[in-house]
Amino acid sequence: MESMFSDLGAFGLDSDQPLDFNSQPKDEKQVKKVVTTKKTQQLVFDRKIKCPVCDHEFLSKTVKTSVNRFEKTSLTLRPVYSKIDPLLYDVVQCNACGYAALNTSYNKISERQVKAIREKISSKFIPKEEQKDYDYKTALVNNKLALYNAIVMGSKSINKAYLCLRISWILDGYLETLTEEDKKEALTLERLNFVKNAYMGFLEAYETISFPVFGMNQPTYYYLLGVLAYELGDHSHSKRWLSKVMVAEGSHQRLKDKARDVKDLVNQKIKEEKEATSSE
Ligand SMILES: [Zn+2]
């Protein structure tokens, strides 16, 4: 399999940049289907941004929240909207110096972090043409660049884990819209690798975070760990986290139902695996 950042080579960046989470859950292939969203130019507007790293001024597209109705979340909590997928738009990237981050945290950067980005990214960054396409392929590269920046900046595990989760969501969207069958296997494996890194990062962050985090309360965090463990084929941990959802304080009925659904899927998997072993 190619390295996680192989598509950042065009920017002059190190494609072997390691992501430094500790634990190592095991792999298993699994893809989920969710609703496809369409790109519509009338649903976005240009926002003027001043880069906090190099002072370059540029325009970045943002989704008009007023017209884009939230519909549901996928199994791994990917938010699904009625008209346009905000995942395509919510990383802001400076094409002059290579600084990229989620729009919600773009200006939350310390002097030390600015220095690190100038030294480790801007010094070797090769600017690309201004971004015109807002599709899953471009969003994938933008989000990987944001993750690369987060690593260089020494961001907390929770931030890196969330970016890994977002990249797995983007790969969900990418896989849904992809027509070339031959690319699907590689993207599915790549997605699973980001699911794994998200899981390891969220596990690592768990002891140190205070809730809510990225819109999640504690029961939702348990659910997320449970569903990510399920996707990785780690049945026992999955069931353990999902059981916590049932008894956690502040756990809503809808979340409990969702946890029960995933638990059923885990039990189904266990049953299938037992049958496969006994028929060998
Ligand atoms: Zn910049």
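The values are calculated or read from the model by the stated rules, or taken from the named source; none is laboratory data. Quantities reported herein were computed from a predicted structural model and do not represent experimental measurements. Quick reminder, even Gly has a Cβ in these numbers, built from the backbone with ideal geometry, and neighbours come from all protein chains shown.
Listing for the model above:
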{"quantity": "Wholly within segment 208-280, helices (runs of 4 or more DSSP H) carrying at least 3 residues that are among the aromatic types (Phe, Trp, Tyr)", "calculated": "218-231"}
{"quantity": "So residue 15, is it at pLDDT below 90 and part of a loop (DSSP other than H, G, I, E, B)", "calculated": "yes"}
{"quantity": "Extreme residue, farthest from residue 259 (Cα to Cα), among residues of segment 51-73 that are at pLDDT 95 or above and in contact with a helix residue (DSSP H, G or I) (Cβ under 7 Å, 6 or more places away or on another chain)", "calculated": "54"}
{"quantity": "Residue 195 being β-branched (Val, Ile, Thr), in a helix (DSSP H, G or I), modelled with pLDDT of 95 or more and in the same structural domain as residue 136 (by TED's automatic domain parsing)", "calculated": "yes"}
{"quantity": "Selection from segment 97-120 of residues that are touching a helix residue (DSSP H, G or I) at 6+ places or on another chain (Cβ under 6 Å) and under 30 Å from residue 178 (Cβ atoms)", "calculated": "98, 99, 100, 101"}
{"quantity": "Within segment 103-137, tally of residues that are more than 12 Å from the ligand (Cβ to nearest atom) and assigned to a helix (DSSP H, G or I)", "calculated": "12"}
{"quantity": "Single residue of segment 189-209 satisfying the filter (of a type in the set (S, T, N, Q) and under 14 Å from residue 165 (Cα atoms)) that is surrounded by the most Cβ atoms within 10 Å (Cβ to Cβ)", "calculated": "197"}
{"quantity": "Lone qualifier among 98, 154 - being within 13 Å of the ligand (Cβ to nearest atom) and either assigned to a loop (DSSP other than H, G, I, E, B) or modelled with pLDDT of 95 or more (or both)", "calculated": "98"}
{"quantity": "Which listed residue, of 75, 88, is surrounded by fewer than 20 Cβ atoms within 10 Å (Cβ to Cβ) and not assigned by TED's automatic domain parsing to the domain that holds residue 220", "calculated": "75"}
